[in-house]
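The values are calculated or read from the model by the stated rules, or taken from the named source; none is laboratory data. All figures in this text were calculated on a predicted structure; none of them were measured in a lab. No Cβ is skipped: glycine too gets one built from the backbone with ideal geometry, and neighbour counts run over all protein chains shown.
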Amino acid sequence: MRAVQVRCRWWLMVLLAAVAVGASGARAQEAAEGKRALIAQMLDLAGMKSQIGELGEIIASAAEQYQGRLSVSDRKRVTDLIAGAYAVEKVYPGIIRAFEKEYDPSYMTGAMNWLQSPLGRKMSALEVQAATQNSPEQIMGFNTEYRRLSEGRRAAIDRLANVLKAGDVLVNTVLITTTEMVMGMQAELPADKKINEQQMRAGAEGLRNQLRGRYQELARVSIAYTYRSLSDEELEQGTLFYTTEAGQWLNRVGNDALVEAMGQSAREVGKGLGVILRERRGVKS
């Protein structure tokens, strides 16, 4: 009888342990889901999804100037290809995963406090407005007005641009988009048409210093245009937040994730373009 009791207790312990493990796993899953929901809320406050939603249209518009020799049907294929590669549902999850990977409760709290503050909300709204209601041409057309700004105003813009590393983000985006798109195309081209990958990447890095000056200026013009309704004091308060650890975390993780996502989308577009080029040349895969 005692042996039976021992065995029963052993099985009971196993059962309790299994339940505990299951409960622990459920709690871990709930914690992960809660974290993901909080990150999504933070990105929503930052207007990230709305801004990402404009990527496909911007890229498609820029690509139109290179489609002169394509047929109407191929142009539509390119447009659809870009729209699919840069779709919100494809890009946005990667941004969330990046913040999950580098999640820090204290940074999250600081970022949420900022984004929920009156000025944080105001700056996010202006960023969304610039991304969704104004064309790149309109923003870059602000260059003349930018040069007329007072020295103090331009200094405030410079400080914010430097803290955000805005020029470097633009350069990184241009380089990774170009490089990955070409690499994607190469996967669909015959060997004699391919470029040496190592040489191409080295060449892209060689362009970095040449592009930096130009894109630093473009970044400043863009910031001046986007926040043109803010006072100098508000600009300084925004800069102050992005010098904090929470601000640096929000900016760095968001920028790095977006640049990486742009590269992945560019490679997908490149592969599609490679298929179109191969078909036009009558080359079999």
**OP:** Within the stretch 170-190, identify whether any single residue is modelled with pLDDT under 85, out of contact with any helix residue (DSSP H, G or I) (no Cβ under 9 Å at 6 or more places or on another chain) and assigned to a helix (DSSP H, G or I), and answer yes or no.
**Re:** no
Subject >> Neighbours by Cβ (under 8 Å, 6+ apart or cross-chain): first from the stretch 168-182, in contact (Cβ under 8 Å) with a residue 24 or more places away in the chain and under 18 Å from residue 56 (Cα atoms); second aromatic (Phe, Trp, Tyr) and in a helix (DSSP H, G or I) >> reply: 170/215; 174/215
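Kindly check whether there is at least one residue in the stretch 35-50 that is in contact with a Lys or Arg (Cβ under 8 Å, 6 or more places away or on another chain) and touching a residue at least 12 places away in the same chain (Cβ under 8 Å).
yes
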Original post:
Which one is surrounded by the most Cβ atoms within 10 Å (Cβ to Cβ) among residues in the stretch 212-258 that are over 20 Å from the mean Cα position of the chain (by Cα) and of a type in the set (Lys, Arg)?
Top reply: 228
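Yes/no matrix, rows are residues, columns are (1) modelled with pLDDT of 90 or more; (2) under 14 Å from residue 261 (Cα atoms); (3) surrounded by fewer than 17 Cβ atoms within 10 Å (Cβ to Cβ); (4) not aliphatic (A, V, I, L, M):
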{"site": "48", "(1), (2), (3), (4)": "yes, yes, no, no"}
{"site": "55", "(1), (2), (3), (4)": "no, yes, no, no"}
{"site": "59", "(1), (2), (3), (4)": "no, yes, no, no"}
{"site": "66", "(1), (2), (3), (4)": "no, no, yes, yes"}
{"site": "72", "(1), (2), (3), (4)": "no, no, yes, no"}
{"site": "76", "(1), (2), (3), (4)": "no, no, yes, yes"}
{"site": "89", "(1), (2), (3), (4)": "yes, yes, yes, yes"}
Original post:
Given the stretch 43-155, what helices (runs of 4 or more DSSP H) lie entirely inside it while holding 2 or more residues that are of a type in the set (D, E, K, R) and farther than 20 Å from residue 222 by Cβ?
Top reply: 72-85, 88-101
**OP:** Could you tell me whether any residue of the stretch 216-235 is farther than 30 Å from residue 114 by Cβ and either in a helix (DSSP H, G or I) or basic (Lys, Arg) (or both)?
**Re:** no
